[in-house]
Each structure stands twice: as C-alpha cells, then as structure tokens.
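Everything on this sheet refers to the single structure shown next.
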Amino acid sequence: MAKTRINFVGCGRVARSLGRLWYRADVLEIGDLYSRSNASAHAAAAFIGAGRATERLSEMAPADLWMIATPDSAIAEAASAVAEAVPLRDGDGVFHCSGACSSALLAPARAKGASTASAHPVLSFAVPESACRDFAGSHVGIEGDAPATPLLDRIFRAIGARCFAIDADHKMLYHAGSVFASNFTVVLLDVALQCYRAAGIDRQTAGALMRPLVEAAIGNALAVGPATALSGPAARGDVALVAEQGQAVRAWAEDPGIAYEILSRLAIDLAGRRPN
C-alpha cells in the first residue's frame, strides 16, 4: 500500500523538523517543497533527506497531504495561493501548525474540496536538530475536519507525539497559555538578570543565583501546583514590602516596574487560593 505523500509550502524550522521525523520513521513520502526563497526549499530538502524543491507553487505535484508551514500572518495568503495554483483533489488534506490560529484560515482550500485542519506541536523548534531529538513524548493539539484530523493524529503518533483535541473557538487563549509558560518565562528571566546587574551583581554570579530559584519554582509548581509553590513577600502577605519594592523597580525602569505591580497583584490573588 502506497504511503501518504506530503508536500510542504513554507520550509522553515517546523517543516524541516517534522519532515525529517516523518521521513526517518518511514511514515510519509516526502513530496515537493516550496518556499518564497528557493534556497530555503533546497536547504529543507537537504535537512530532511528527501523531497524536491520547486521554484513555483504551480510546479508542485499532487499530494495526499499539504502542510502550510508559513508564519501565522501568512497562512491565509498561502492557503489562497495553494487553492489557486496547485492541483488539490477532493479529500486531500491541508493543515497548518499554528497554535494560535484555527483551521478556518484554510477556507480557500476547503472550498476546493480539501479537508482542512491544524496540528500544534507544543515544543520549541528554535533548533531543528534538538526538536527532532526531543520530539518523542511531546504533545500535539489537533482540530479541524475529518478525515484530516484522524490522519494527523496517526502520523504524529507515529513519531512519538501525544495528541489531544483543541476547541478551535478558543485557540488564541489556548496558545496564550503556552506563551505565558514558555516565552514570558524567558522574558522574566531576562528582567531578573537585568535587576541583578543593575544592583551590581556580575552576570556569572547572577546566573548562579537564579538557577536554584528557577529550578525550584518550576519544579514545585509542576509537582504541587502554583498556589502551594508560591513563595516570597506576596505569598506572605507583606503588602508594604511589595509596594516598596515595586517603587524601587519602577524607579529603575518603567516597564519592569509596571510588570512587577501587575504580577504582584496576581501573586497576592494566587496566595489567596492556597489550600488550607
């Protein structure tokens, strides 16, 4: 029985990582790859170890599955371009991997008879080699039409993913959870480093100070829940110290001071939800 053939529109880090995983696991046949930068398409084919880079969308051969791997802001435009330029067939699957945008952006492909969906791997693809190494066991949220969603479930599970259903109407809020958990954690760590440096602590010492605090905070929050893991002046109800420290931060830098004030309010609220 012939393997499902997949084409890629957009050849960035997500496409390269998933393409390599599916190819090496012998899950999918890698078809054509297109990117606005032909060099990117060739680099993706080399990284995956398979596939044919094409210079134009119209040159792409038919495929059972199409992955639109563009930035979120370009998904709708890419879907329209695919619907106009490539030979979509009734029942072909078209999907994207955005965590924030729903499969509704793929409406032009659906209008051509394709089954549309989205699959969001909850994993950093900043370094494709690392993403490929760490992918097994990661979670993938899926929403959209049948038969595309069962197919996505199958091919992601085949490379070690744990798949779950997402409510398409709440994808923005769902994705915000990942932003708070990942992106904003990194931002807060950078602000913490800046605070240490502004207080005269050298970078190496600052990093050494942060490491046990960060590891304990995250480990405890995951183990016993954020409310129980919370520590510090807000957790103790030391409102006067929180206010004084907030003034000191704001005197140093306006935006971190505003963030400190808002996060302190949230911390006080969280402390109030501690189990007895």
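The values are calculated or read from the model by the stated rules, or taken from the named source; none is laboratory data. Small disclaimer: the values here were computed from a predicted structure and weren't measured. Cβ sites come from the backbone with ideal geometry, for glycine too, and all protein chains shown count toward neighbours.
Restricted to region 135-146, and to residues that are of a type outside the set (Ser, Thr, Tyr) and surrounded by 13 or more Cβ atoms within 10 Å (Cβ to Cβ), which residue is farthest from Gly113 (Cα to Cα)? Here the residue is Phe135.
Give the number of residues within region 189-202 that are touching a helix residue (DSSP H, G or I) at 6+ places or on another chain (Cβ under 8 Å) and free of Cβ contacts under 8 Å to residues at least 60 places away in the same chain.
Qualifying residue count for the region: 7.
You will find that of Gly225, Gly200, the residue that is in the same structural domain as Ala181 (by TED's automatic domain parsing), surrounded by 11 or more Cβ atoms within 10 Å (Cβ to Cβ) and either closer than 15 Å to Leu188 by Cβ or out of contact with any Lys or Arg (no Cβ under 6 Å at 6 or more places or on another chain) (or both) is Gly225 and no other. Checked against (1) surrounded by 13 or more Cβ atoms within 10 Å (Cβ to Cβ); (2) under 30 Å from the mean Cα position of the chain (by Cα), Gly246 passes all but condition (2).
Do we have any residue at all in region 36-55 that's surrounded by 22 or more Cβ atoms within 10 Å (Cβ to Cβ), hydrophobic (A, V, I, L, M, F, W, C) and not in a helix (DSSP H, G or I)? No. Taking first residues from region 74-95 that are over 14 Å from Ala111 (Cβ atoms) and partners that are among the β-branched types (Val, Ile, Thr), the Cβ contacts under 6 Å between residues at least 6 apart in sequence or on separate chains come to Ile75/Ile68; Ala78/Val9; Ala78/Ile68; Ala78/Thr70. It is to be established whether one or more residues within region 37-56 are closer than 19 Å to Ala114 by Cα and in contact with a Lys or Arg (Cβ under 6 Å, 6 or more places away or on another chain). Looking through region 37-56, none of the residues is closer than 19 Å to Ala114 by Cα and in contact with a Lys or Arg (Cβ under 6 Å, 6 or more places away or on another chain). Only one of the listed residues (Gly246, Gly225, Gly237) is modelled with pLDDT under 95 and over 20 Å from Ser124 (Cβ atoms). That residue is Gly237.
Just one of the listed residues (Leu65, Leu28, Leu18) is buried (at least 22 other Cβ atoms within 10 Å of the Cβ) and out of contact with any strand residue (DSSP E or B) (no Cβ under 7 Å at 6 or more places or on another chain), and it is Leu18. Across region 218-276, the number of residues qualifying as of a type in the set (Asp, Glu) and closer than 18 Å to Phe180 by Cα comes to 3.
If I filter region 87-96 for residues that are surrounded by 16 or more Cβ atoms within 10 Å (Cβ to Cβ), touching a Ser or Thr at 6+ places or on another chain (Cβ under 7 Å), in a loop (DSSP other than H, G, I, E, B) and at pLDDT below 95, do I get at least one hit? No; the residues of region 87-96 include none that is surrounded by 16 or more Cβ atoms within 10 Å (Cβ to Cβ), touching a Ser or Thr at 6+ places or on another chain (Cβ under 7 Å), in a loop (DSSP other than H, G, I, E, B) and at pLDDT below 95.
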